[in-house]
């Protein structure tokens, strides 16, 4: 019997290996908008936050018009210019196939709804999930709004669910409502950062999650 009734996954950096594409598109947007080009590390640090707040933080911008300009440049690069592949991490499909008959799966992501739907279509994975909450439907991580919405819709309480993510934002939002959490060390934040938020464990491969279920 599974220890939890629902496992909630972050997407970018946890399920999908998309960091390189996000970094390339953000650097392209900076160039187009005549902003200083951020380093790979600087962009990686804000992956997981909703797009507009991430851009505001990354470039220290407060003017909404300029933030929106960068948002649009990023989206255009992501959809129409950059060709960096975004595969699922090795073991993800095997993990979902193994656990989905026994536990409900959901997604809480910094992607917008359209972006998540495109990712689902590209990877043929939508059928695994009973629910999801995206950046344009909730307050940005690390606020726990995404998790709270999923819990409310599905009738779960926090103790019945497990959050899995690669960033401190994932760990913080779960910690804020007393939800157990697992960090992954193959994404964008380091294990020592994740451990500050007291996860149940840190895994180096998706299939290691089974040991915690």
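Data for the structure
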quantity	calculated
Test: residue in the stretch 151-161 that is under 16 Å from the mean Cα position of the chain (by Cα) and surrounded by fewer than 22 Cβ atoms within 10 Å (Cβ to Cβ)	no
Positions within the stretch 77-88 being part of a helix (DSSP H, G or I) and touching a helix residue (DSSP H, G or I) at 6+ places or on another chain (Cβ under 8 Å), in sequence order	77, 78, 81
For residue 65: the one exception among (1) under 23 Å from residue 206 (Cα atoms); (2) surrounded by fewer than 14 Cβ atoms within 10 Å (Cβ to Cβ)	(1)
Tabulated pairs, the stretch 75-87, first surrounded by 11 or more Cβ atoms within 10 Å (Cβ to Cβ), second assigned to a loop (DSSP other than H, G, I, E, B), C-beta under 7 angstrom, 6+ apart or interchain	86/17; 86/18; 87/17
Options 143, 98; residue that is part of a loop (DSSP other than H, G, I, E, B) and more than 11 Å from the chain's Cα centre (by Cα)	143
Given (1) touching a strand residue (DSSP E or B) at 6+ places or on another chain (Cβ under 9 Å); (2) within 30 Å of residue 2 (Cβ to Cβ); (3) modelled with pLDDT of 95 or more, index of the condition residue 48 fails	(3)
Subset of the stretch 22-41 (residues that are crowded, with 16+ Cβ neighbours inside 10 Å, farther than 18 Å from residue 86 by Cα and either free of Cβ contacts under 8 Å to residues at least 40 places away in the same chain or not assigned by TED's automatic domain parsing to the domain that holds residue 69 (or both))	35, 38
Per-region count, the stretch 122-140, residues more than 20 Å from residue 55 (Cβ to Cβ), out of contact with any strand residue (DSSP E or B) (no Cβ under 6 Å at 6 or more places or on another chain) and part of a helix (DSSP H, G or I)	3
Matching residues, the stretch 171-193, being part of a helix (DSSP H, G or I), surrounded by fewer than 24 Cβ atoms within 10 Å (Cβ to Cβ) and touching a strand residue (DSSP E or B) at 6+ places or on another chain (Cβ under 6 Å)	191
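Here is a yes/no grid of residues against (1) assigned by TED's automatic domain parsing to the domain that holds residue 174; (2) touching a helix residue (DSSP H, G or I) at 6+ places or on another chain (Cβ under 8 Å):
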residue	(1), (2)
50	no, yes
54	no, yes
63	no, no
69	no, no
73	no, yes
101	yes, no
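The values are calculated or read from the model by the stated rules, or taken from the named source; none is laboratory data. Bear in mind that the values here come from a model prediction, so they are computed numbers and not experimental data. Every residue, glycine among them, receives a Cβ derived from its backbone with ideal geometry; neighbour counts consider all protein chains shown.
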